[in-house]
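Here's the structure we're looking at; comments come further down.
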Amino acid sequence: MNSKIWLSSPHMGGTELNYIHEAFEQNWVAPLGPNVNNFEDDLKKYLNHDVEVAALSAGTAALHLALIILGVKRDDEVICQTFTFSASANPIAYQGATPVFIDSEKETWNMCPIALEEAIVDRIAKGKKPKAIIVVHLYGMPAKMKEILEISNKYQIPLIEDAAEALGSTYSGQNCGTFGEMSILSFNGNKIITTSGGGALVCKTKEGKEKAVFLSTQARDDAPHYQHSEIGYNYRMSNISAGIGRGQMEVLDQRVAARRKNNQFYQDLFKDFEGIAVFVEPNQDYKSNHWLSAITIDPQKAAFSCEELRLKFLDQNIESRPLWKPMHLQPIFANTPYYGTKVAEELFNNGLCLPSGSSLTDADRIRIKDVIVKLKQ
Ligand SMILES: *Cc1c(COP(=O)(O)O)cnc(C)c1O
């Protein structure tokens, strides 16, 4: 059997271990230390915007803290893109708040500005103004930020950007992760860079970052003894994980380039295929890191479905995966409000993510191509 080709696997640059050794030598084996501070600085520099960064244990933790800092409480409503990974929505439930799910538009697959405004107007009419909007840059594709920011400003509802999949993506030349009142990044094992597990909260102000660090380290008041006036969390990033992050930041641009090259490979591969569309940027304003490359299939025109293709890949030990199942269709979120026209449902039914790792080799690409070529025969 050929070795497995994964959808997206960790890809070390080589210097990560140096930073970990340094941490051991200095005995900074704790959820604080020089690697944490330096990793935050590296991210801040990379994002190249007036932001502050707090390194945390996970992207999910970052999103939870963003909601807390923005004052989301029990029985509040928070707007969230329906077409996403469950981690975008779960922190809303952690706070005892209710998600209001918004459909996608067809160009970027992200939050539809029309459905967003419709939802805000309707929720206000029903008596509750949403406390925040969570927009996602799915698979690295920037959302329609101009339109969404306009709506966020018009109704004075803060925007949280879930940029977990979009480090290295830009919209109108500005980095994803710098548009929101707060933004989150993820460094889980399958993301574009990894710290084995980890995340970050990107804030517009120093106070925002300080609050995030305070809450993520058990909310200790300024006193010699342990005193607490607020509920705290254990969400800070480990100095060992941050060492991996520092090494990964050195190769981030290469990782983005490799994933974009994969996307180009799929564009070339499917060029002459009736009924298959590779997910690409709508125009020059959008630059996706193409964290995952994805296709949609029209089964009538292509004469096979996404599931058939997935199984053909699996036969060759190649991993592929259906697109995210929309949150409003998840059993756990049944009966939550939803606004839209079933665009995300359609994508879920007819879409597939293809192997997209930055460590994909030419030999891997030949095996992938073989599966596709045989489909035509
Ligand atoms: C990975 C991911 C998260 C969660 O990040 P973790 O670091 O795994 O907690 C949140 N949102 C999206 C869209 C993600 O892909």
#### Entry: Test: Arg236 is open to solvent by less than 60 Å² (accessible area, probe 1.4 Å) and among the basic types (Lys, Arg)
yes
### Single residue of the range 41-64 satisfying the filter (away from the ligand (no atom under 16 Å from the Cβ) and modelled with pLDDT of 95 or more) that is nearest to the chain's Cα centre (by Cα)
Leu47
### Selected residue (only one of Lys261, Lys301 is at pLDDT below 95 and open to solvent by 40 Å² or more (accessible area, probe 1.4 Å))
Lys301
### Message
Quick check on my filter: what residues within the range 175-194 are near the ligand (Cβ under 9 Å from one of its atoms) and either free of Cβ contacts under 8 Å to residues at least 40 places away in the same chain or not in a strand (DSSP E or B) (or both)?
### Response
Phe187, Asn188, Gly189, Asn190, Lys191
### Task
Kindly list, by first and then second residue, each pair from a residue in the range 321-338 that is within 11 Å of Phe101 (Cα to Cα) to a residue that is β-branched (Val, Ile, Thr) and buried (at least 19 other Cβ atoms within 10 Å of the Cβ), limited to pairs with Cβ atoms under 6 Å and residues at least 6 apart or on different chains.
Pro326/Thr82; Met327/Thr82; His328/Thr82; Pro337/Val100
### Task
Would you point out the residue of the range 8-29, among those that are in contact (Cβ under 8 Å) with a residue 12 or more places away in the chain and either in a helix (DSSP H, G or I) or touching a strand residue (DSSP E or B) at 6+ places or on another chain (Cβ under 9 Å) (or both), that is nearest to the ligand (Cβ to nearest atom)?
Ser8
### Query
Which one of the conditions (1) open to solvent by less than 10 Å² (accessible area, probe 1.4 Å); (2) of a type outside the set (Gly, Ala, Ser); (3) modelled with pLDDT under 95 does Leu32 fail to meet, given that it meets all the rest?
(1)
### Task
Sort through Ser216, Ser172 and tell me the only one that's exposed (fewer than 15 other Cβ atoms within 10 Å of the Cβ), more than 13 Å from the ligand (Cβ to nearest atom) and modelled with pLDDT of 95 or more.
Ser172
### Task
State all residues of the range 138-166 that are away from the ligand (no atom under 16 Å from the Cβ), assigned to a loop (DSSP other than H, G, I, E, B) and out of contact with any strand residue (DSSP E or B) (no Cβ under 7 Å at 6 or more places or on another chain); if no residue qualifies, say none.
Lys144, Tyr155, Gln156
### Summary
Out of (1) assigned to a loop (DSSP other than H, G, I, E, B); (2) under 14 Å from Gly168 (Cβ atoms); (3) of a type outside the set (Phe, Trp, Tyr), the one Asn283 does not meet is (2)
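The values are calculated or read from the model by the stated rules, or taken from the named source; none is laboratory data. Keep in mind it's a predicted model, so treat the numbers as computed, not measured. Ideal geometry is used to build each Cβ from the backbone, glycine not excepted, and the neighbour counts take in all protein chains shown. Note: areas computed on protein heavy atoms with side chains; ligands, DNA, RNA excluded. Shrake-Rupley method; radii C 1.70, N 1.55, O 1.52, S 1.80 Å.
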